[in-house]
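Since the structure comes first, as structure tokens, the remarks are kept for the end.
Each value in this text was obtained by applying a stated rule to the coordinates, not by laboratory testing. Just so you know, these numbers come straight off a predicted model, no measurement behind them. Cβ placement follows ideal geometry from the backbone for every residue including glycine, while neighbour counts extend to all protein chains displayed.
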Amino acid sequence: MDDGYAVELREVTKKFGEVQAVDNVSLQIHDGEFFSLLGPSGCGKTTTLRVIGGFEIPTKGDVLIEGEIQGYKPPFQRPVNTVFQNYALFPHMNVFQNVAFGLQMRKVPKAEIRERVNEALDQVQLLGMGKRKPNQLSGGQQQRIALARALINQPKVLLLDEPLGALDLKLRKAMQLELKALQERVGITFIYVTHDQEEALTMSDRIAVMNFGKVHQIGVPEEIYEKPTNRFVADFIGETNFMSGRISEINPEYVCVMVDETYPVSASPIDGVHVGDTITLAVRPEKLTVSSEKTREVNISGRVEEVIYIGTDIRYVVRVTDNIQLTIREQNSGGLAERRFQPGESVCVGWAKENASLLKE
Amino acid sequence: MATSHSRHKWRVLFLIFPSLFWLIVFFLIPLLLVFAISFGQRGTYGGVEWDLTISNYFRFFDPRDPLYLRIFGRTLYIAFITTIVSLLIGYPMAFWIASRPPESRSSLLLLLMVPFWTNFLVRTYAWILILRDQGLINTIWTGTLHGWLISLSQVLPGLPLEGLIHLTTNPLPLFGTDLAIIIGLVYGWLPDMVLPCYAAIERFDFSLVEAAQDLYANRVQAFLRVILPLTLPGIVAGSILVFIPSLGAYITPDLLGGAKSVMIGNVIYSQFMSARDYPFGSAVSFVLMALMLVGTLLYFRLAVDSGKGESDGGQGI
């Protein structure tokens with residue numbers, strides 16, 4: 001409890017044979033935080049979760065829960081509970097028995113079990129479903145049972161492994177909000193594994209973006225989205241335009257990058273770069289504007305290649321050089337399918353300096 | 001409408017005809033024949049006299065002369081022990097095979113089946129060579145081990161080896177005992193236990209064990225509360241597949257059992273082949289068959305109920 005973290009990973013590495021599933025990961029997760037591990041499949045996020053839960057023992061490093069080193073403790077001795085990817089509900093038990101299982105194992109008196117199970121079922125709006133079997137429930141209901149089965153044990157930390165992965169989009173969106181509300185109500189630390197960036201951005205207090213077993217960036221959703229620190233994060237979260245170039249000038253106000261050796265473009269400075277370094281500039285499509293004249297802080301000219309109408313937005317694809325092509329998302333706030341520019345037209349693409357992120361390779 | 005319906009009926013009849021024919025000619029008719037004969041009497045020269053009497057059944061259940069009942073009891077006992085031992089060996093074995101990587105599972109299962117390629121009689125004869133007084137085990141027991149103990153006692157005279165040396169003077173009473181029969185039966189029917197258990201365990205979703213462990217179940221609790229109930233159908237099937245043939249075993253007790261270790265299968269055989277008392281042999285067969293039927297039904301009911309008990313218990317914990 002000395003450092004006040006709910007969960008802390010210290011240089012945790014997990015190898016399966018030659019494969020490094022988790023590579024030297026250090027994390028601190030605060031009490032009551034909704035923390036997401038985000039990354040593509042096979043990035044090590046689930047293994048990280050399993051290491052915390054005690055289903056895998058790290059090859060190197062320590063897992064601390066509530067300041068206590070877990071070592072070789074098996075799952076049933078850790079103050080955490082897990083909501084599994086496919087729920088792992090016991091098919092031979094009814095809903096009541098599933099939810100009661102943890103309390104039974106801990107020898108809680110029967111009367112109390114009954115009371116707490118009903119409470120837990122009430123919390124996930126499934127009161128009265130106690131006698132049903134899991135296979136008689138819909139996916140969303142099964143998901144809630146899995147949640148109730150874990151939460152009833154009042155764990156210090158709840159581990160969730162892509163809990164919404166099997167649900168259809170609409171239910172998924174609804175459950176995201178419900179889950180977030182539930183987490184705020186019960187005040188338990190949630191560690192949430194997902195490959196869905198939108199889900200992570202919507203629900204999390206903080207996000208750790210992972211790839212190939214490494215944590216690439218940890219931060220609040222805004223930070224992760226607006227200020228990605230490397231190309232993987234910028235590419236994985238949302239859509240991004242990349243431009244590579246060489247730094248031609250550095251001063252306290254801005255960094256000047258010669259994009260494609262020809263176009264000087266300025267961006268907010270970052271640490272640890274020098275004149276002459278190759279660097280990548282990343283700008284989100286919705287931060288870009290298209291106009292006929294230079295109207296923004298940074299401007300670059302090009303020729304419209306494509307105009308795509310996608311309902312909420314209009315998407316322009318502008319060719320700047322042979323190597324650089326920018327995608328611009330313009331909100332469809334004008335009239336009926338207003339297309340301000342046509343393919344072939346020369347235009348100016350502009351953005352604000354602070355919207356461009358400099359990414360070291 | 002009516003014509004299409006009857007045409008459909010004819011088609012079904014046509015399709016099931018081969019199996020129906022087979023069952024009637026080779027199963028039902030002989031069975032009825034045996035049933036009918038069981039109410040007859042042994043003729044003076046071994047034929048059947050159609051008397052319509054239940055004296056054969058009386059003879060079997062005769063409380064004043066419980067010879068056959070006693071054999072029947074021992075048969076049940078041997079079959080029961082065989083089933084339990086097969087389960088205790090077969091279930092962990094199935095578990096182990098199911099936990100191997102998929103590519104080695106099929107070769108392990110194949111290894112399990114390989115003995116089946118040799119005639120059962122030959123394999124049982126092999127057990128005679130292992131179990132008899134001059135067999136493999138007893139050669140080691142009275143020869144190697146005995147000699148070894150004697151030399152050890154000469155080197156280290158202080159050791160209390162007298163008892164062991166005395167014990168190894170005589171061969172172990174293996175051959176011709178119930179134990180030998182049980183060993184032979186377990187050996188013979190083990191694959192029938194392993195395969196259904198394997199099928200059940202292989203289907204089992206091991207993330208459920210993780211879920212149980214996550215919910216504070218230790219390994220034993222996880223096994224008893226989750227793995228066992230969910231693999232019970234395999235255990236039930238395997239037990240039936242071992243128990244039934246053990247009950248009717250004939251070759252194994254005939255070869256490995258002694259004069260005192262007669263099973264009901266041997267009684268039936270001798271009634272037909274030596275005593276030439278077809279009616280009594282038929283009656284014994286029928287008692288055995290009825291028992292198998294009742295036992296199987298009971299067992300299924302029990303297994304299904306215990307499976308249900310887990311789920312229908314409702315709020316009862």
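What the table below lists for this structure:
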| read-out | value |
| --- | --- |
| Selected from B:Gly248, B:Gly147, B:Gly158 as most flexible by GNM, with chain B as the system and alpha-carbon contacts under 10 Å | B:Gly158 |
| Partner aspartates and glutamates for A:Lys14 [C-alpha distance under 15 Å; skip if fewer than 8 residues away on the same chain] | A:Asp23, A:Glu56, A:Asp62 |
| Between segment B:1-47 and segment B:119-133, the Cα center-to-center distance that results, in Å | 39 Å |
| GNM flexibility winner over chain B from B:Val220, B:Val267, B:Val194 (Cα, springs under 10 Å) | B:Val220 |
| Fraction of antiparallel bridges per DSSP, chain A only, in percent to nearest 5 | 75 percent |
| Rel. contact order, % - alpha carbon contacts under 8 angstrom, at least six apart, segment A:269-356 | 40 percent |
| Cut-off under 5 Å, modelled amide H: who pairs with A:Asn211 long-range | A:His216 |
| Ellipticity estimate at 222 nm from DSSP helix runs (n ≥ 4, -39,500 (n - 2.57)) divided over the protein assembly as shown, nearest 500 | -14500 deg cm²/dmol |
| Sites excluded, trypsin sites (Lys or Arg not before Pro) in DSSP loops with at most 13 other C-beta within 10 Å, longest stretch of chain B | B:65-259 |
| Reach of A:Lys180 by Cα under 16 Å, taken over aspartates and glutamates that are not fewer than 8 positions away in the same chain | A:Asp31, A:Glu33, A:Asp161, A:Glu162, A:Asp196, A:Glu198, A:Glu199, A:Asp205 |
| Proximal lysines relative to A:Lys110, as straight alpha-carbon distance under 29 Å, when same-chain residues fewer than 8 apart are discounted | A:Lys73, A:Lys131, A:Lys133, A:Lys156, B:Lys308 |
| Rel. contact order, % - alpha carbon contacts under 8 angstrom, at least six apart, chain B | 27 percent |
| Residue of B:Ile240, B:Ile137, B:Ile29 that the Gaussian network model of chain B assigns the largest fluctuation, springs spanning Cα pairs under 10 Å | B:Ile29 |
| Built amide H within the under 5 Å cut-off of A:Phe34, gap 5+ | A:Phe190, A:Asp205, A:Arg206 |
| Between helix A:139-151 and chain A: long-axis angle, C-alpha atoms, 0 to 90°, nearest 10 | 70 degrees |
| Theoretical FRET efficiency, 1/(1+(r/R0)^6), r = Cβ-Cβ of A:Ala352 and A:Thr59, R0 30 Å, to 0.05 | 0.10 |
